[in-house]
Amino acid sequence: MMSLHRVVGFLLLWSCLMAYGWRAAFVILCRTYYNKHKLRTIRAIITRWAPPKENNTEAYIRRVTDRIGIGPDRELGSPQEHPAQWMMIAMAMAIVECGTTQLDYLSMLKGWEIAMS
């Protein structure tokens, strides 16, 4: 039987690891896709993330845009100027990837903070 101390330690470690997973996602979305590759729309981002040769890209785009209410071809502002919309895009993509809405939102916020520092 695990002690309460060990369980709490495991949960803290899990939370930290999740934050760094979110950090990695935000680095890809904001630094690589937005800054380096100049991808400025949800369609452009998801087409690169989930290319049509391997995925039903249009369905993926629809699921993300329907969830967050941003059109697929709308020009996105910079992550620094519009952080909430970039967090919503990442969260919607995670829901598509994981198939659940049961995600750790606090870890996502921490991941954003780490990625933007």
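Conditions tested, residue by residue: (1) closer than 20 Å to residue 109 by Cα; (2) free of Cβ contacts under 8 Å to residues at least 24 places away in the same chain; (3) of a type in the set (Gly, Ala, Ser); (4) not in a loop (DSSP other than H, G, I, E, B).
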residue: 32; (1), (2), (3), (4): yes, yes, no, yes
residue: 47; (1), (2), (3), (4): no, yes, no, yes
residue: 58; (1), (2), (3), (4): no, yes, no, yes
residue: 64; (1), (2), (3), (4): yes, no, no, yes
residue: 71; (1), (2), (3), (4): no, no, yes, no
residue: 80; (1), (2), (3), (4): yes, no, no, no
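One residue stands out in region 7-35 among those that are modelled with pLDDT under 80 and of a type in the set (Gly, Ala, Ser): the one that is farthest from the chain's Cα centre (by Cα), namely 9.
The residues in region 87-102 that are over 11 Å from residue 22 (Cα atoms) and touching a residue at least 40 places away in the same chain (Cβ under 8 Å) can be counted, and the count is 2. If you go through region 37-95 and keep only what is of a type in the set (Gly, Ala, Ser) and more than 15 Å from residue 25 (Cα to Cα), you end up with 44, 59, 69, 71, 77, 78.
Conditions tested, residue by residue: (1) among the hydrophobic types (A, V, I, L, M, F, W, C); (2) surrounded by fewer than 13 Cβ atoms within 10 Å (Cβ to Cβ).
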residue	(1), (2)
45	yes, no
55	no, no
59	yes, yes
71	no, yes
80	no, yes
87	yes, no
101	no, yes
104	no, no
115	yes, no
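The values are calculated or read from the model by the stated rules, or taken from the named source; none is laboratory data. In this text, all values refer to a predicted model and were calculated from it rather than measured experimentally. All Cβ positions, even for glycine, are placed from backbone atoms using ideal geometry, and neighbour counts span all protein chains on display.
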